[in-house]
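Participant: For reference, the structure I am asking about is given below.
The values are calculated or read from the model by the stated rules, or taken from the named source; none is laboratory data. Given the structure is predicted, the values throughout are model-derived calculations rather than measurements. Counting neighbours? That spans all protein chains shown, and the Cβs are built from the backbone with ideal geometry, glycine included. Surface areas here come from the heavy atoms of the whole protein model, side chains and all, with no ligands, DNA or RNA. Shrake-Rupley method; radii C 1.70, N 1.55, O 1.52, S 1.80 Å.
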Amino acid sequence: MTGAVQDKATGATPVVYGASDRPPRGDYSRAALDYTCPQNYAAYTSADHETYRRLYERQETLVPGHACDEFIAALPLLGAKDRIPHFDEINERLHKATGWEIVAVPGLIPEVPFFTLLANRKFPCTDWIRKPEEFDYIVEPDVFHDLFGHVPLLFNPVFADHMQEYGKGGLKAHGLDSCELLSRLYWYTIEFGLIRQADGLRAYGAGILSSPGELRHATESAEPNRLPLDVERVMRTRYKIDSYQQTYFVIDSFQELFDKTAPDFTPIYERVRQLPELAADAAD
Ligand code: PHE
Ligand code: FE
């Protein structure tokens, strides 16, 4: 990223591993040293609430038959659909379920604070919402993507544990200069993962779940490659942030995701660095 946003504690610049020609738009002066801020609820206009309501309504109708069962079961726990929810309301339920809580942030944040929050079972949610002209497509995560896409699965105990392990693994990867390899795993699982369930292929990745077009593309189109999850294969694979994915990685259960990411990645990073990278559309 070309971000002008500096790490509050260390002076580091936040990193996004993809092309971006402008800095993130959030107001980072609101944030504390750990990058969290109060959810600026008073700043939402009635047009903002209406954008959320419309996004939720459209996406909710697409979820049956495309999203995984665990997501569908937990979606109502987000609460309000006709306005942007208060994070505190969700946290009452979420904390009881899995010990996670969501915290507001002004937008994308640097790696170390991001991993630190996850390692402490805190999920950073951007608090602002897209403008009506970005209804179908937005290049940065907003409150709709973060809540609708990411939060329902934090109610699932296995997935919730995996997210914490990812945060701890991120801090470790940072020390090994391997964050870019680890970020590919995040991309192809937490953002764009597919899961095979009794009645077919379903989405669990937040980038799919919050996108009307990609929900169908990912689960139904004959075009993309669909490969079984393989950590090394994922780490070698570049990704695109400005189009539907050309390759998806499929798991059979969240336990599989947890187990396949449990080994020490230190030697894996070393090995992957010796191997050629693969294009986003490489078929094998
Ligand atoms: N097992 C990884 C490591 O040793 C950490 C990790 C766990 C990464 C879960 C991603 C997801 O570095
Ligand atoms: Fe996301």
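Participant: Can you compute the charge dipole magnitude of segment 2-273 about its Cα centre, using +1 on each Lys and Arg Cβ and -1 on each Asp and Glu Cβ, nothing else charged? Give it in debye, rounded to the nearest 20.
Facilitator: It works out to roughly 280 debye.
Participant: Can you compute 3J(HN,Hα) from phi for each residue in segment 123-132, using the Karplus curve 6.51 cos²θ - 1.76 cosθ + 1.60 with θ = phi - 60°, rounded to whole Hz and x for Gly and Pro?
Facilitator: Computed from phi, the couplings for segment 123-132 are 9, x, 10, 4, 9, 8, 10, 4, 7, x Hz.
Participant: Another question, then. Given H placed 1.01 Å from N in the peptide plane, which residues other than close sequence neighbours of Val103 have an amide H under 5 Å from its amide H?
Facilitator: Counting only residues 5 or more places away or on other chains, the set is Phe123, Cys125.
Participant: Follow-up question, since we're still on this one. Can you tally the net charge around Ala262? Count Lys and Arg as +1, Asp and Glu as -1, for every other residue whose Cβ sits under 15 Å from the Cβ of Ala262.
Facilitator: For residues surrounding Ala262, the net value is -4.
Participant: Another question, then. Given q = 0.28 Å⁻¹, what are the Debye log10 I(q)/I(0) values for segment 31-107, with equal point scatterers placed on the Cα positions and solvent ignored?
Facilitator: -1.27
Participant: Within 11 Å, Cβ to Cβ, of Met163, how many net charges do the neighbouring residues add up to if Lys/Arg are +1 and Asp/Glu are -1?
Facilitator: Net charge around Met163: +1.
Participant: Excluding Ala173 itself, calculate the net charge of residues whose Cβ lies under 15 Å from the Cβ of Ala173, where each Lys or Arg counts +1 and each Asp or Glu counts -1.
Facilitator: Surrounding charge for Ala173 is -2.
Participant: Take peptides 131-137, 235-241 and line them up by average Cβ neighbours within 10 Å, highest first, as a rough protection proxy.
Facilitator: 235-241, 131-137
Participant: In the Gaussian network model of the chain, springs joining C-alpha atoms below 10 Å, which of Leu108, Leu227, Leu118 carries the largest mean-square fluctuation?
Facilitator: Leu227
Participant: Once neighbouring chains are kept in place and the probe is 1.4 Å, which whole percent of the accessible area of the chain is contributed by carbon and sulfur?
Facilitator: 53
Participant: Which of the peptides 145-154, 51-60, 77-86 is most tightly packed, and how do the rest follow, going by the mean number of other Cβ atoms within 10 Å of each residue?
Facilitator: 145-154, 51-60, 77-86
Participant: What three numbers, in Å, describe the spread of the alpha carbons of segment 2-273 along their principal axes, ordered from the longest?
Facilitator: Each principal axis gives a Cα extent; for segment 2-273 these are 50, 47, 39 Å.
Participant: Oh, and also: Based on the mean of other Cβ atoms within 10 Å per residue, sort peptides 65-73, 248-256 so the most packed one is first.
Facilitator: 65-73, 248-256
Participant: So which lysines pass the test for Lys168, namely a Cα distance under 23 Å, with those fewer than 8 places away in the same chain ruled out?
Facilitator: Answer for Lys168, where 23 Å is the Cα cut-off: Lys8, Lys96, Lys122, Lys260, listed by chain and number.
Participant: Got a sec to turn the phi values of segment 189-204 into Karplus ³J(HN,Hα) couplings, 6.51 cos²θ - 1.76 cosθ + 1.60 with θ = phi - 60°, whole Hz, x for Gly and Pro?
Facilitator: 10, 4, 8, 10, x, 10, 10, 8, 10, 3, 9, x, 7, 9, 8, 10
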